[in-house]
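Structure below; questions to follow.
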Amino acid sequence: MYAVRQFTSPSFTCSRRFATLNLTKSLHKRNITFSSPRRVPESPSSAATTVEEQPHATESKGKQKESLESIENPDIIVEEDRLPFLQRPLGVKDRPTTVARSWREDMMDQETRIHHREKLVKAAGKGYYSDLNATRRHGGKTWIAPKVLIREDKALYFPDIAGTPLTGGDKVHTTDLLMGKVTILSILSSKISEAHSEILTKPTLEAYGGNPLLQTVEINLQENLLKSLLVSLFARNIRSNIPEEQWGRYLISSQNMDYVRDDLGFANRHVGYVYLIDKACRIRWAACADPMPEEVDALQAYWELFKRYPRRLFNPLKRDASSKKLDIAPHATRSLINKDPGYERDGRRPQAWRDELENIIAGDWLWEEGEIAGVERGQIGVALSSGSGSKTVYNVGKAKSASRSSARESLGVGVTNGTTAQEQLEHWGDSIPESKAIAHVAGYTILENIFILNGTGFLVTDSASSLPPLGSMASSAVNSILAPRGQDWRVLNRVTAQDILGTFGGRIRGTTWLTTEPADSQDPYTVFSLHRLHSYLASPHSYSKVSPSGLHILSPDSVNVGLGGSQSVTPPLRMWLPRVPTLSSPSLPPIGKDEKAHPPLREKSYTGSHPSLYKAVFPTVGILYAEDWKDYADMQIPFLLERVLLVDRGAAERGRSEWGEKWSDSSKYDSSNDELRKRQAVEDGLPVWAAPFVAFDISSGWFEPVRSALRSYLRLPAESTQKKRKPELTYVSMADEPQGSGPRIRDEDHPELLKGLHALKAEGILGEVHVVRGNGTRDVWEDRMTAISRSNIMLGAFGGNLADSVFMTPPSKTEAPQPDSAPVLMEFFPSGTFLRDQEYAVRSVGLRYTAWWGERKFKGISLPQVMGPRSGQNLYVGIDVPAVLEEIRAEAKRLSS
């Protein structure tokens, strides 16, 4: 079965033809046909014509003869359809685990049952010999490997497969083998598949097989139990053909793959499949069946890239601070195959690559050396004061210069005021700025004077006790469960800092929000908790302690002394996401043969909130991504950030037990007696982003500036001025969202709920009923936020689609506050599931909350225990519509009174 491993030839092409020819002859003796991909004919072929003219009864035999002759004689050319490229990421959505689900869990999960039923129906319509017959066309090849690596944020997981290794003993899981190493994994089920895998991987393994960071895993997959038993009996023979060091990574498995076959692109049992898998078990590239020469070259190119740039290719932005040679750009793998001329010095593509769309976007104009841009003078630009009037200057030629005043109203480089370009470079000499912690709770820290160099953060101090422990502020970029590594964050004394950071560097002025969460961990509460942390700077604080004599003492908070009050607290200028790429969709080649064609448009990465929210509420904040982090690292000089709000949820989770302990760089105050704060910190089920809410006492109106900014943007009054207006209600509906986009009300309950809500409006109980989409697309975002901001009642299925409920209308300040006058959020859960994200968020901004399990409702302190949804759980939520409508009627009357 493993004789193909002994094929050796000085020429790869000869080895490839020799292997395929011997396999085909062997199969032909058993009346099994295997045909390789063939060239498109330049002229009609007599052999092809003869095959078409054969009677139906002898068609199979004629095709066998034609197939064999086409391989033995390359001059015989047969026309076939062109194969498509792989159009989607392969793999499963759920992270693989070695713990298998029980049959009871599968039976109780409706979505799993539906999924299995669909697979069984599809399998029932497939003949026993369909895979074998499919090898007659393209040799069983159904797609061509992609020319680029699948992006990390779009890649899916390789499912867990259990098998017995050649070393014997207990079964081994692929999840355990793949985690932490880059792997070439081959699925073998026949001698043909071995030839396919050998042809594809042999050149790569011969060149780079000795790299300790790389490994190969082979799975001899025999889903037929009898075949699996026979293979197991001949395991000794297999071992004789496999190097001994590979025995532990060669698995013999009989696992049923029917439910993940389509997910893996595993369309034919008789051909080979090869997957390139990263350290997190994600499939980054794949090939199937008889490989094409360009597929062989691509795999070898990707391994060569990983050998040279291991951190960038499969672990973005995980760099060694001591390394001066930095990692490759995200598009570097594509440039090995598709040559792109890039851009000219004026920012446009070369003349030969421009088309009508390029001219619309960048303009069609002449550019001269020394000019900033090529638009006509006086059309668009920055106004410069010149005597009594103003002069617009956009084209600043060689002879022109713009003077700048010494004003410091702006923190950016200005034309008439702000910071000059020279002042962006900081010369500190022997007096390197020292880092300082302003406030801290596990995972949420306000720092001054931190440095970044080569993608590593540095804190400089001669007193390590003046800063919180690194493990309490940040996490490892590889695994957020662990404390940061040396290449992630370091604390230096001033002498060492002088050696590593030098005597000068760039200065990044103003306040930076820095969150280290990866792309798949972004949610609406990132910005919510960041603003809460930022509000600490503008709030007066006091600190309490109990003296040994039992006297309760209130004192100013020494950590916040010297900030100068709220007048000196500037708004954030940037939010930096160093582990989130700018674009989430893969880079695909242009469609068609036109070399000037533009590639398909790509999607921006999700940052937790709608893009319009940042522009409406935080207009001063610019968003920086992973590519920006790398750009700063590529400059190979340190940059000093004046003030940073550092957020790391991994550190917050590890330090959850410390949320109630007030951190200070001094032992002057002891918070061990603050029992109330401690009890709140260990309160059951608090979301990890709640750390700054527990730790920091901030005035109750901390969220009002954000809410007011949004209402101003939407042209709504700052607060409700109508004392006796009818309540408005917003229902967040997921009915129009695609399947899998989030929890939703059950299909049979949705129409009944809508009918009941409109009936309440017709009765005059509700002033208005708004039905908005769950995810708020760009086109409807303003209408969605306007409805929510005007509403007093909001309801919907549980999840992040209700996060915007914090923007509901607050009670009028002119009215006497009543306990039941605040807006209310109603969140529907399946029985046995409850999460506190929405509950904690709305209560932190002074709103009320009600949770529902069917006909049961929970308020106040009577909330159910936190229980997250199970893996694969059905996310259709059933509700008791009459009970919900009755509660809405009661709430509306309370709000109207």
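The values are calculated or read from the model by the stated rules, or taken from the named source; none is laboratory data. What you see is a predicted model; the values in this text were computed from it and never measured. Cβ: placed from backbone, ideal geometry, glycine included. Neighbour counts: every protein chain shown. Note: areas computed on protein heavy atoms with side chains; ligands, DNA, RNA excluded. Shrake-Rupley method; radii C 1.70, N 1.55, O 1.52, S 1.80 Å.
Checking Gly846 against (1) over 27 Å from Leu714 (Cα atoms); (2) open to solvent by 30 Å² or more (accessible area, probe 1.4 Å), which test does it fail?
Single failed check for Gly846: (1).
Then there is this: Kindly indicate whether any position in segment 777-797 is touching a Leu at 6+ places or on another chain (Cβ under 9 Å), assigned to a loop (DSSP other than H, G, I, E, B) and either modelled with pLDDT under 95 or assigned by the TED database to the domain that holds Val881 (or both).
Yes, that holds for at least one residue.
Continuing with this model, one more query. Looking at segment 87-100, I want the residues that are on the phi > 0 side of the Ramachandran plot and assigned to a loop (DSSP other than H, G, I, E, B) and have a partner that is surrounded by 17 or more Cβ atoms within 10 Å (Cβ to Cβ) and of a type in the set (Ser, Thr, Tyr) with Cβ atoms under 9 Å, at least 6 apart or on another chain. Which pairs are those?
Gly91/Tyr157; Gly91/Tyr275
Take the residues in segment 255-270 that are of a type in the set (S, T, N, Q) and touching a residue at least 60 places away in the same chain (Cβ under 8 Å); name whichever of them is most open to solvent (accessible area, probe 1.4 Å).
Out of the qualifying residues, it is Gln255.
Can you tell me which residue in segment 865-883 is modelled with the lowest pLDDT, limited to those that are within 36 Å of the chain's Cα centre (by Cα) and surrounded by 19 or more Cβ atoms within 10 Å (Cβ to Cβ)?
Looking at the filtered set, the residue picked out is Leu875.
For segment 189-230, what are the residues that are closer than 21 Å to Arg269 by Cα and under 31 Å from the mean Cα position of the chain (by Cα)?
If the condition is that a residue be closer than 21 Å to Arg269 by Cα and under 31 Å from the mean Cα position of the chain (by Cα), then Leu200, Thr201, Thr216, Val217, Glu218, Ile219 are the ones that fit.
Additional query: Looking at Val772, is it over 21 Å from Asp880 (Cβ atoms), open to solvent by 10 Å² or more (accessible area, probe 1.4 Å), among the aliphatic types (A, V, I, L, M) and modelled with pLDDT under 90?
no
Also, I was wondering about something else. Could you look through segment 849-864, keep only residues that are in a loop (DSSP other than H, G, I, E, B) and free of Cβ contacts under 8 Å to residues at least 24 places away in the same chain, and pick out the one that is most open to solvent (accessible area, probe 1.4 Å)?
Top of the filtered list is Ile861.
Kindly provide the set of residues from segment 509-519 that are open to solvent by less than 10 Å² (accessible area, probe 1.4 Å) and either over 32 Å from the mean Cα position of the chain (by Cα) or farther than 15 Å from Ala633 by Cβ (or both), ordered by number.
Gly510, Thr511, Thr512, Trp513, Thr515 - these are the residues of segment 509-519 that are open to solvent by less than 10 Å² (accessible area, probe 1.4 Å) and either over 32 Å from the mean Cα position of the chain (by Cα) or farther than 15 Å from Ala633 by Cβ (or both).
For every residue, the table says whether it meets (1) among the aliphatic types (A, V, I, L, M); (2) assigned to a helix (DSSP H, G or I); (3) open to solvent by less than 40 Å² (accessible area, probe 1.4 Å).
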{"site": "Pro468", "(1), (2), (3)": "no, no, yes"}
{"site": "Ala477", "(1), (2), (3)": "yes, no, yes"}
{"site": "Ser480", "(1), (2), (3)": "no, no, no"}
{"site": "Pro484", "(1), (2), (3)": "no, no, yes"}
{"site": "Val495", "(1), (2), (3)": "yes, yes, no"}
{"site": "Ile500", "(1), (2), (3)": "yes, yes, no"}
{"site": "Arg507", "(1), (2), (3)": "no, no, yes"}
{"site": "Leu537", "(1), (2), (3)": "yes, yes, yes"}
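If the Cβ limit is 6 Å and pairs must be 6+ apart or interchain, which residue in segment 422-438 that is under 18 Å from Thr496 (Cβ atoms) and surrounded by fewer than 12 Cβ atoms within 10 Å (Cβ to Cβ) pairs with which residue that is modelled with pLDDT under 95 and polar (S, T, N, Q)?
So the pair list comes out as Gly429/Thr503.
While we're here: Scan segment 213-241 for residues that are surrounded by 17 or more Cβ atoms within 10 Å (Cβ to Cβ) and outside any helix (DSSP H, G or I) and jot them down.
Leu214, Gln215, Thr216, Val217, Glu218, Ile219, Asn220, Leu221, Gln222
Considering segment 431-469 alone, what residues qualify as being hydroxyl-bearing (Ser, Thr, Tyr) and on the phi > 0 side of the Ramachandran plot?
Within segment 431-469, no residue meets the criteria.
Taking segment 426-443 only, how many residues are in contact with a helix residue (DSSP H, G or I) (Cβ under 6 Å, 6 or more places away or on another chain) and not in a loop (DSSP other than H, G, I, E, B)?
2
Here's a follow-up. Check Asp327, Asp258 and return the single one that is within 31 Å of the chain's Cα centre (by Cα), at pLDDT 80 or above and of a type outside the set (Phe, Trp, Tyr).
Asp258
Consider Glu423 against the criteria (1) outside any loop (DSSP other than H, G, I, E, B); (2) modelled with pLDDT of 90 or more: it satisfies all of them except one. Which criterion is unmet?
(2)
Now, a different point. Keeping to segment 603-635, report how many residues are in a helix (DSSP H, G or I), in contact (Cβ under 8 Å) with a residue 60 or more places away in the chain, open to solvent by 30 Å² or more (accessible area, probe 1.4 Å) and under 21 Å from Met785 (Cα atoms).
The qualifying residues number 1.
Is there any pair linking a residue in segment 285-311 that is not assigned by the TED database to the domain that holds Tyr275 to one that is at pLDDT 90 or above and assigned to a helix (DSSP H, G or I), with Cβ under 7 Å and at least six apart or on different chains, and which?
none
For segment 636-654, which residues satisfy the criterion of being within 27 Å of the chain's Cα centre (by Cα), crowded, with 19+ Cβ neighbours inside 10 Å and farther than 27 Å from Val706 by Cβ?
Arg654
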